[in-house]
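To start, the structure under review is shown below, and the notes come after it.
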Amino acid sequence: MKILTLILFLTFFISCSDKESFKTSSNDRPKYALENILNYNKEDSIFIESRFADCGEWGGHNEIIKIYRSEQKLKLTYIKFKVDCEIRDSTGSIIQDKKFKKHILLSNSQKLALIKYVNELMKFKFLKDEISHSGNSFALSNTKGDLKISHFGNQPLLLTSYNNLMTSLNLPRVSFENR
């Protein structure tokens, strides 16, 4: 009889415990959002700057993506430059001429693509550095100066990742023939 009473008491005690403490709710997961990396003021922006080796060791065309907040929404401005490898300024640098500019109001899927690209840039920091006079350059920074990631070289993963981002943003991909 004592055992039966003990079993009933333990059953009652266990059934009255806080079962919610054992459950994991979706609210416990951190919320990753591109908006979180920008301050709420208009001065804060993120820049993705890329330079491609159209002209070999002399460099090539630049592409700039600026991500910023405007009217409480995230927007993006993309600028692509063109170069003529034969025309240089007085210092010997290739002259960049603006070829294309586009403004985009970012969709949720485009924000996720940007987060993925930033994550990949960070992951690529663990790749072995290349020593080369010619290559593509990929950089991420912000106006506050507390975010800086950059890569240089001919690592195919870098260009593939960039082109995946460009496809997600409905922007022109960098062709492999231009290198």
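The values are calculated or read from the model by the stated rules, or taken from the named source; none is laboratory data. Note that the structure is a prediction, hence the values are computed from the model and not measured. Ideal geometry is used to build each Cβ from the backbone, glycine not excepted, and the neighbour counts take in all protein chains shown. Heavy atoms of the whole protein, side chains included, go into the accessibility calculation; ligands, DNA and RNA do not. Shrake-Rupley method; radii C 1.70, N 1.55, O 1.52, S 1.80 Å.
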Self-check item: Candidates 37, 46 - the one that is open to solvent by less than 60 Å² (accessible area, probe 1.4 Å) and closer than 16 Å to residue 118 by Cα
Solution: 46
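Looking at 114, 105, 158, which is the one that is within 16 Å of residue 52 (Cα to Cα) and of a type outside the set (Val, Ile, Thr)?
So the residue among 114, 105, 158 that is within 16 Å of residue 52 (Cα to Cα) and of a type outside the set (Val, Ile, Thr) is 158.
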Quiz item: If you go through region 100-112 one residue at a time, do you hit one that is outside any strand (DSSP E or B), modelled with pLDDT under 90 and aliphatic (A, V, I, L, M)?
Solution: no
Quiz item: Hey, does region 50-57 have a residue that's over 20 Å from the mean Cα position of the chain (by Cα), open to solvent by 80 Å² or more (accessible area, probe 1.4 Å) and in contact (Cβ under 8 Å) with a residue 40 or more places away in the chain?
Solution: yes
Quiz item: Could you count how many residues in region 49-87 are outside any strand (DSSP E or B) and more than 15 Å from residue 105 (Cα to Cα)?
Solution: 15
Quiz prompt | Contacts under 6 angstrom Cβ, first residue in region 129-146 being farther than 19 Å from residue 161 by Cβ, partner modelled with pLDDT of 75 or more and assigned to a loop (DSSP other than H, G, I, E, B), 6 or more apart | solution = 134/53; 143/44
Practice problem: Go through (1) in contact with a strand residue (DSSP E or B) (Cβ under 8 Å, 6 or more places away or on another chain); (2) at pLDDT 90 or above one by one and return the number of the condition residue 88 breaks. | Solution: (2)
Practice problem: Would you check if residue 93 is farther than 19 Å from residue 45 by Cβ and surrounded by 13 or more Cβ atoms within 10 Å (Cβ to Cβ)? | Solution: no
Quiz item: Would region 95-113 turn up any residue that is free of Cβ contacts under 8 Å to residues at least 40 places away in the same chain and among the hydroxyl-bearing types (Ser, Thr, Tyr)?
Solution: yes
Practice problem: Kindly indicate whether any position in region 155-168 is closer than 20 Å to residue 105 by Cα, open to solvent by less than 20 Å² (accessible area, probe 1.4 Å) and among the hydrophobic types (A, V, I, L, M, F, W, C). | Solution: yes
Quiz prompt | Residue that is nearest to residue 47 (Cα to Cα) [pool: residues in region 119-128 that are assigned to a helix (DSSP H, G or I) and in contact (Cβ under 8 Å) with a residue 24 or more places away in the chain] | solution = 121
Exercise. Output the residue which, of all residues in region 96-114 that are open to solvent by less than 40 Å² (accessible area, probe 1.4 Å) and of a type outside the set (Lys, Arg), is nearest to the chain's Cα centre (by Cα).
Key: 114
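Which one of these is closer than 25 Å to residue 155 by Cβ and of a type in the set (D, E, K, R): 71, 63, 86?
Being closer than 25 Å to residue 155 by Cβ and of a type in the set (D, E, K, R) holds for just one of 71, 63, 86, which is 63.
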